[in-house]
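Asks: To start, I am sharing the structure in question, which I have written as structure tokens.
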Amino acid sequence: MKHLTSLIGTLLALQALGMAPARGADLVVCLADANPPFSAADIRDGGIDAEIARGIGRQLGREVRLSWVTIANRGGLGKALRQTLAAGTCDIFSGIPVSGGANEDLVELRLEASDPYLTTGYALLRGSRGKVHNLDDARKAARLGVVTATPADMYLHQQHMNRVPYGSNGDLLAALANGSVDAGLLWMPALANATQRGFTLWPEAIREERLAIAGLETRFVVALRQGDPALKPGVDAALARMQGDGSLTQILERHGMARPSNTHSRTNP
């Protein structure tokens, strides 16, 4: 009994020092404040990552407290991670994109990453007046829209396709809608955000969903600090359970990132 009392006293002391957070302690989650449909302070339920964060919290038995972070144009995500997660102001930072092998910001700041919970990329859309049915047709198209300085833009350039660059996803979607281009490669989260905000697609607009092309797919992970031996396994286990019980799919469907008829093939990592 004496040893048990001593152990409890030691654990309480460690918790008071912030070295061993209690199971019931708040889970502080950093999220970008204007990155729909993933996270935004002004959208339903805070977005995909806010809902996933609450799911993780339920699995870990911890109350979730969201901390909204503005991603500045100068410094971008790396600066935001340095000033928040790396500085200890939150426990995890959700919605971190990984293209290729790793996220450079996580490597530089020596942060850890959860297992991926979503893989997304670019969809091939037919222009409202176009006759493009697949990527082979797109190779022959006279005008193929794309957002400039993106992986899709680089791909079309490397493939010597007749690309027409646009400054934003909204501009590209407008060009597709009015028939200014025959087809286009559009970032799927941008398409989901537009449809969630009321944009209506024309019949048979989406010709191919999430083109399976190297360099055009992006995985999303939760970032964590190193040094907590329990948090990363707990987050990974929570994400796996949410994938297994269908709750992750339901979140993605609510925010336009999955369709009931073709959910698992498009959303699972």
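Values quoted throughout were computed directly from the atomic coordinates according to the rules given, and no laboratory measurement underlies them. What you see is a predicted model; the values in this text were computed from it and never measured. Positions of Cβ are generated from backbone atoms using ideal geometry, with glycine treated the same way; all protein chains shown enter the neighbour counts.
Asks: When a/c reaches 1.5 or more, the comparison of a/b and b/c decides; with that in mind, is the chain rounded, prolate or oblate per its Cα gyration tensor?
Replies: Numbers: a/c = 2.68, a/b = 2.26, b/c = 1.18.
Prolate, because a/c is 1.5 or more and a/b exceeds b/c.
Asks: In whole Hz, what ³J(HN,Hα) sequence does region 85-90 give by Karplus (6.51, -1.76, 1.60; θ = phi - 60°), x for Gly and Pro?
Replies: 4, 5, 7, x, 7, 9
Asks: Treating region 88-192 as a set of equal point scatterers at the Cα positions, no solvent, please give the Debye-formula log₁₀ I(q)/I(0) at q = 0.19, 0.24 Å⁻¹.
Replies: Computed log10 I(q)/I(0) values: -0.90, -1.23.
Asks: Now for a different question. Just check region 114-269 against the gyration tensor rule for me: Cα atoms, a ≥ b ≥ c as the square roots of the eigenvalues, rounded for a/c under 1.5, and otherwise prolate or oblate depending on whether a/b exceeds b/c. Don't skip to the end; give the middle numbers.
Replies: Working: a/c = 2.50, a/b = 1.87, b/c = 1.34.
In terms of gyration-tensor shape, prolate.
Asks: Rounded to the nearest 500, what is the 222 nm mean residue ellipticity of the chain from helices alone, with -39500 (n - 2.57) per DSSP H run of 4+ residues and division by all residues? Walk me through the numbers on the way to the answer.
Replies: Working: 11 runs with 102 residues, N = 269.
That comes out to -11000 deg cm²/dmol.
Asks: Please give the Cα centre distance for region 59-119 versus region 129-165, rounded to the nearest Å.
Replies: 32 Å
Asks: Just want to confirm a number: the relative contact order over the chain, from Cα pairs under 8 angstrom separated by 6+ residues, in percent. List each step's numbers first, then the result.
Replies: Working: 465 pairs, mean separation 62.3, N = 269.
It rounds to 23 percent for the chain.
Asks: Return the percentage of antiparallel bridges among DSSP beta bridges fully within the chain, rounded to the nearest 5 %.
Replies: Details: 21 of 35 bridges.
Approximately 60 percent, going by the DSSP bridge assignments.
Asks: Under 5 Å between amide H atoms, partner at least 5 residues away or on a different chain: which partners does L118 have, H built in plane at 1.01 Å?
Replies: Here the answer is F220, since their amide H atoms fall under 5 Å of that of L118.
Asks: What does the highest-first list of 112-123, 202-213 look like by mean Cβ count within 10 Å? Each step should come with its number before you reach the end.
Replies: On the way: 112-123: 21.1, 202-213: 14.8.
Peptide ranking by packing, descending: 112-123, 202-213.
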